[in-house]
Each structure stands twice: as structure tokens, then as C-alpha cells.
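Worksheet: one structure, shown below.
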Amino acid sequence: MKHFINPSDVKNVQELVKAGLAQKANPLSHQHLGKNKTLGLLFFNSSLRTRLSTQKAAINLGMNVMVMNVGSDGWQLEFDENVIMNGNKAEHIKEAAPVIAQYCDIIGVRSFPSLTDKKADYEEQVLESFRKYAGVPIVNLESATRHPCQSLADLITIAELKKTARPKVVLTWAPHIRALPQAVGNSFAEWLNLTDYEFVIANPEGYDLAPEYAGKAKITHNQAEAFAGADFIYAKNWSSYKHYGQILPGNEDWIVSAEKMKLTNQAKFMHCLPVRRGLIVEDAVIDSADSVVIQQAGNRVWSVQAVLKEILEGM
Ligand code: SN0
């Protein structure tokens, strides 16, 4: 693997899931692989799990780690080509990326979408510019349209917990007060579509994900129908793709409730976190024995450790 930006960078997703489980069983098995290698983590946005789990995975692999909140501590970066830089952006990505690459063997980047410029967001201007100008492997720590480290951790979690070969997995939209990216939903769908699990996406009208991400999933606007017989309920809010970046009125009743969970096949409750209790999910659900959000977050280490290991092995 050279980069880890989207699933097409991965040779075999099932093998990567297995590699994650193997790292979990034996975290220090490759602790010399990253010796004298430096991982740079660049955050344009907030992070808890991504930052700490990636740092932990790198430590397990013997790497050195440098972290920078480039969004708040760095110069504002220009990504457009052929512009006169007479605004508030002091540095161009054409200099910033190759400079950082001289200090780092691998660069991880977190950059959320603008949610105003659909074209730039869906062209992945920030991540693709790093890929183009850094010349070292790039790891996507949540970009405008994807969160592959999360999705790989989610597949690892489902692999650990599934009771049948082909569980019914439901991605359900849930309400939120802020306009959030589609990245987690997009990415979960994109990766689920690479398994043979039964996969249903439930969301209100106007909230369909971009078709290239929803892929072959069954899409329904009827949440109760989706929940029926489900083995996994994965809750996530996202703002509208169609009415780009908007929160559409209504739909507060899409909260994941204990009542709705009764429709399922005693489904496990999943969420990538951070989660807003009382909006996305009732306390009774996230505090129940069927909630696996903590295990899911724990698996973030093994997901990114499998990715870093494969990149290091290819260097
Ligand atoms: C991010 C998102 O993409 O939805 C990160 C998820 C891993 N979530 C948020 O920004 C939540 C912010 C909030 O106010 O609840």
C-alpha cells in the first residue's frame, strides 16, 4: 500500500481486517518496523480518537510521531492554483506539502469539508493536493468525503461480533443540531459494500448519500422497516448531500430509541463517536449491554496500525 486515502488504495479489504485483528492479538509483533521512521499528523479539525489511536498505533510500530494542529497553529494554506495570494492565506500547499514531507516519512491528514463548495469537497481538494505535492505516503484521518480509518475499525468490530456469516447491517441517519459531514456515512457505506453482508441505509427524504458511496445498499426512508431483524444498528448524522450541507426541517423522531431497538435481532449499537446523547441515541440504548461504541473506538488503534504496518512494509 502506498497511500491510504480510499478503499481503492487497499489490495484486499478482508486481509486488512484480518491484519487488524492480528495486530490486536499481538500489538508489539512489528515494533521494529517503524524504527527511525517519523509519522506526521496534521489536523485541520478537532480530534480525540483519531489523534490518540493513530499515535498509539505508531508507538506500537516503533515510529516517532509529530502532531500539529495546522488548522489553528499553522499558516492558512492556499489550495487553489494560479491565484494571487493577497488574502489571508499565507502559504501554498505546493510549498507546505513538500516541506513537511522532508520531515516525515508518512503524513496523516484530517480535513473536514467546507459543506458549502460541493465540487471542491467531493474532488477531495485538500487530500489530493497532499498526495500530489508531498511525495510521501498519505493517510486519510477523515477527509471531506471519507473516514477510512473509522470504516476499517467498523469492519473489524463487526467481524468480531457477528453471529452469522451474513449479518444484517443498518446505517441509520439520526438527528443533530449542527450540519455534519457525510464522510462517516459515505465511508461506512463504501466499505460495507465491499463485504457480502446484507446492507441497508435508512435516512429521511432529502438525506440520500451520494450514489457513488451508497452503491448497492438498499436505501429506505422507513426507519422501522430497516430496523426489523437487524444485527447491527450504526447511527450517524450527516447534512444533506442533495441540498448540500443543509439541515432539513423535521426528522427529530429519527433518534435511535430503546423502543426501536426492540424491532431488531438484539442488534449491537454502533456509532463512531463523538455522539450527542438525547439527539442521536437515547441513554438507555448507548448505556445498554448491546452498545459496542467503546469496543469500536478501541479498534481504531488496530485499524490504523494495520494500515501503517502495510505502508511501512512497502517502503
Ligand atoms: C465529525 C463528523 O464527521 O461527523 C467527526 C466524526 C468522527 N463529527 C462532528 O464533527 C461532531 C461535532 C458535534 O458537534 O457533535
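What are the pairs with Cβ atoms under 7 angstrom where one residue, in the stretch 268-295, is within 16 Å of Val170 (Cα to Cα) and the other, located anywhere, is within 15 Å of the ligand (Cβ to nearest atom) and among the polar types (S, T, N, Q)? Sequence gap at least six, or different chains.
Met270/Thr157; Met270/Gln296; Cys272/Gln150; Ile280/Asn237; Val292/Thr157
Given (1) in a helix (DSSP H, G or I); (2) assigned by TED's automatic domain parsing to the domain that holds Phe44; (3) free of Cβ contacts under 8 Å to residues at least 60 places away in the same chain; (4) under 24 Å from Val13 (Cα atoms), where does Lys132 come up short, assuming only one miss?
(4)
One residue is enough: does the stretch 106-113 have a residue meeting the conditions assigned by TED's automatic domain parsing to the domain that holds Ser29 and open to solvent by 30 Å² or more (accessible area, probe 1.4 Å)?
Yes.
For the stretch 138-169, how many residues are in a helix (DSSP H, G or I) and either open to solvent by less than 10 Å² (accessible area, probe 1.4 Å) or among the β-branched types (Val, Ile, Thr) (or both)?
11
Looking at Asn251, Asn237, which is the one that is within 16 Å of the ligand (Cβ to nearest atom), of a type in the set (S, T, N, Q) and surrounded by 13 or more Cβ atoms within 10 Å (Cβ to Cβ)?
Going through Asn251, Asn237 in turn, the sole match is Asn237.
Looking at (1) touching a residue at least 24 places away in the same chain (Cβ under 8 Å); (2) more than 20 Å from Pro148 (Cα to Cα), can you tell me which one Glu81 breaks?
Among (1) touching a residue at least 24 places away in the same chain (Cβ under 8 Å); (2) more than 20 Å from Pro148 (Cα to Cα), Glu81 violates only (1).
One line per residue, one yes/no per condition, for (1) among the aromatic types (Phe, Trp, Tyr); (2) open to solvent by 70 Å² or more (accessible area, probe 1.4 Å); (3) touching a residue at least 60 places away in the same chain (Cβ under 8 Å):
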| residue | (1), (2), (3) |
| --- | --- |
| Ser8 | no, yes, no |
| Lys11 | no, yes, no |
| Gly20 | no, no, yes |
| Pro27 | no, no, yes |
| His32 | no, yes, no |
| Thr38 | no, no, yes |
| Leu41 | no, no, yes |
| Phe44 | yes, no, yes |
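Quick check: is even one residue across the stretch 129-147 farther than 24 Å from Gly298 by Cα, among the aliphatic types (A, V, I, L, M), out of contact with any Asp or Glu (no Cβ under 7 Å at 6 or more places or on another chain) and away from the ligand (no atom under 15 Å from the Cβ)?
yes
How many of the residues making up the stretch 275-291 are in contact with a Ser or Thr (Cβ under 9 Å, 6 or more places away or on another chain) and either within 10 Å of the ligand (Cβ to nearest atom) or open to solvent by less than 10 Å² (accessible area, probe 1.4 Å) (or both)?
2
Is at least one residue of the stretch 166-175 of a type in the set (S, T, N, Q), more than 11 Å from the ligand (Cβ to nearest atom) and not assigned by TED's automatic domain parsing to the domain that holds Asn12?
The answer is yes; a qualifying residue exists.
Check whether at least one residue in the stretch 90-100 is open to solvent by 20 Å² or more (accessible area, probe 1.4 Å), out of contact with any strand residue (DSSP E or B) (no Cβ under 8 Å at 6 or more places or on another chain) and either acidic (Asp, Glu) or modelled with pLDDT under 95 (or both), and report yes or no.
yes
Could you check Leu194 against (1) in contact with a helix residue (DSSP H, G or I) (Cβ under 7 Å, 6 or more places away or on another chain); (2) away from the ligand (no atom under 14 Å from the Cβ); (3) open to solvent by less than 20 Å² (accessible area, probe 1.4 Å) and say which number it fails?
So Leu194 meets the others, but not (3).
Mind checking which residues of the stretch 32-66 are more than 16 Å from the ligand (Cβ to nearest atom), under 19 Å from the mean Cα position of the chain (by Cα) and charged (D, E, K, R)?
The answer is Lys56, and nothing else.
The values are calculated or read from the model by the stated rules, or taken from the named source; none is laboratory data. All of these numbers come straight from a predicted model, not from anything done at the bench. Backbone-built Cβ (ideal geometry, glycine too); neighbour counts: all protein chains shown. Heavy atoms of the whole protein, side chains included, go into the accessibility calculation; ligands, DNA and RNA do not. Shrake-Rupley method; radii C 1.70, N 1.55, O 1.52, S 1.80 Å.
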